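Remarks on the structure that follows.
What follows is calculated from the coordinates using simple rules that are stated; it is not laboratory data. Everything quoted here is computed from the prediction, not taken from an experiment. Cβ atoms come from the backbone with ideal geometry, glycine included; neighbour counts cover every protein chain shown.
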Amino acid sequence: MVFTIHGTITAKDLPPIVIKDRTGIVVPRFKYFKQSVRLNGLDTAEFKEAIAAGKAICDVFDMAFAEGQLQEWGSTDGNDNNIDITNRYMTPIEEVILGEEHVPFDTDIDPKGMLEDKWVYDL
């Protein structure tokens with residue numbers, strides 16, 4: 001499914017996944033392996049309609065899950081004129097529900113199985 005929404009990028013966290021420490025040295029930030037973008041609709045009617053449509057879609061999906069299982073729709077900063085779009089490449093193993101299906105690492109990527117003990121691919 002593809003959605004198109006127009007807005008202004010007001011925040012981003014895109015690869016390469018690095019940050020600078022207090023001394024200014026670039027440090028890899030491997031823990032989360034995610035990317036994200038925050039869009040702001042500049043208070044336009046079209047953006048508000050897109051947000052309302054997204055909330056309606058979320059409400060439909062919410063009926064298929066037990067209460068509290070689906071993350072609530074909305075911007076992480078509480079601003080209804082923003083939308084946060086995020087995905088993770090991998091999840092720390094301790095955050096995975098026991099028995100939850102995941103994609104195993106290919107032996108070309110993890111020949112010794114060292115990543116499999118700490119990470120899972122997100123589906």
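Ellipticity at 222 nm from helices only: DSSP H runs of n ≥ 4 in the chain, each -39500 (n - 2.57), divided by the residue count, give -5000 deg cm²/dmol.
At full extension, Lys12 and Met63 could sit 15.3 nm farther apart than now, given 0.36 nm per residue minus the alpha carbon distance. Note on Glu94 and Lys20: with the Förster distance fixed at 22 Å, the Cβ-Cβ geometry gives a FRET efficiency of about 0.25. The stretch between Glu116 and Phe3 holds 37.4 nm of extra length on full extension. This uses 0.36 nm per residue minus the Cα-Cα distance. Quick one: angle between helix 45-62 and the longest Cα principal axis of the chain, in degrees between 0 and 90, rounded to 10, please. For 45-62 against the chain, the angle is about 60 degrees.
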